[in-house]
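Working notes, structure below.
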């Protein structure tokens with residue numbers, strides 16, 4: 001004997017379909033949440049590793065002995081370094097002595113928009129290293145600010161800033177040769193190096209003027 005199938009009215013069918021969809025959504029959301037919780041530690045570890053790779057490109061790890069990523073100061077929006085959002089400064093020390101500040105600066109006036117930089121500035125004011133970490137400069141023309149894209153592998157363009165400092169450095173030293181300065185540049189791409197040089201100079205000045213306060217700040221935000 002065949003059992004008759006239950007008959008549903010249109011409203012009942014709609015409710016039934018909605019319940020089934022809700023159950024699937026709950027299950028799917030739970031699966032996504034579980035996957036995120038499982039992968040979160042690995043993602044965070046990977047992000048920290050990438051951050052340290054960048055830091056080590058501008059400041060050799062052999063120069064400091066503290067845990068750089070946990071010795072930080074969170075800055076409010078700071079136009080002096082082109083930041084319109086809070087940013088983090090990393091403080092390198094050897095023992096208890098200041099070694100360098102590592103900060104992110106922004107050149108707002110690149111040829112294709114903002115150029116984000118990471119800069120290490122030693123306690124004596126000298127620049128230890130600079131890297132461009134995000135930009136949209138023209139490939140093959142203005143992207144030589146990245147060492148890996150610079151044709152001059154022996155002396156990448158960005159390395160010109162190493163050991164420069166605000167103190168004892170003429171203002172013209174921070175300008176490209178086309179503007180009467182000392183910085184080399186590639187023909188046909190002067191907007192990019194001008195923007196980068198200006199941002200680095202401003203960051204070096206900011207670090208030199210604020211160094212004592214930044215290293216003494218007790219309100220560090222640990223990461």
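The values are calculated or read from the model by the stated rules, or taken from the named source; none is laboratory data. Keep in mind that what you see is a predicted model, and the values were worked out from it rather than measured. Methodologically, a virtual Cβ is constructed for each residue, glycine included, from the backbone with ideal geometry; neighbour enumeration extends over all protein chains shown.
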Item to complete: Scan segment 167-193 residue by residue and report those that are in contact with a strand residue (DSSP E or B) (Cβ under 9 Å, 6 or more places away or on another chain), without any contact (Cβ under 8 Å) to a residue 24 or more places away in the chain and not in a loop (DSSP other than H, G, I, E, B).
Response: 173, 176, 177, 183
Discussion item. Being touching a residue at least 60 places away in the same chain (Cβ under 8 Å) and either more than 15 Å from residue 121 (Cα to Cα) or within 18 Å of the chain's Cα centre (by Cα) (or both): is that true of residue 215 here?
Written reply: no
Worksheet item: Of these, 198, 202, 178, 218, which one is surrounded by fewer than 15 Cβ atoms within 10 Å (Cβ to Cβ) and either more than 25 Å from residue 69 (Cβ to Cβ) or touching a helix residue (DSSP H, G or I) at 6+ places or on another chain (Cβ under 7 Å) (or both)?
Response: 178
Discussion item. Name the single residue that is farthest from residue 51 (Cα to Cα) among those in segment 115-162 being free of Cβ contacts under 8 Å to residues at least 24 places away in the same chain and either in contact with a strand residue (DSSP E or B) (Cβ under 6 Å, 6 or more places away or on another chain) or not assigned by TED's automatic domain parsing to the domain that holds residue 207 (or both).
Written reply: 122
Discussion item. Can you find, within segment 154-166, the residue that is farthest from the chain's Cα centre (by Cα) among those that are part of a loop (DSSP other than H, G, I, E, B) and more than 15 Å from residue 57 (Cβ to Cβ)?
Written reply: 154
Worksheet item: Got a sec? Which of 51, 5, 40 is at pLDDT below 80 and in contact with a helix residue (DSSP H, G or I) (Cβ under 8 Å, 6 or more places away or on another chain)?
Response: 51
Discussion item. Checking residue 74 against (1) under 17 Å from residue 196 (Cα atoms); (2) touching a strand residue (DSSP E or B) at 6+ places or on another chain (Cβ under 6 Å); (3) modelled with pLDDT under 95: exactly one of these is not met. Which one?
Written reply: (1)
Response to the item:
Given the conditions (1) crowded, with 18+ Cβ neighbours inside 10 Å; (2) touching a residue at least 60 places away in the same chain (Cβ under 8 Å), every one holds for residue 109 apart from (1)
Item to complete: Output the number of the condition that residue 130 fails; it satisfies all remaining conditions of (1) buried (at least 18 other Cβ atoms within 10 Å of the Cβ); (2) at pLDDT below 95.
Response: (2)
Worksheet item: Name the residues in segment 112-125 that are assigned to a strand (DSSP E or B) and touching a helix residue (DSSP H, G or I) at 6+ places or on another chain (Cβ under 7 Å), would you?
Response: 115, 117, 118, 119, 120, 121
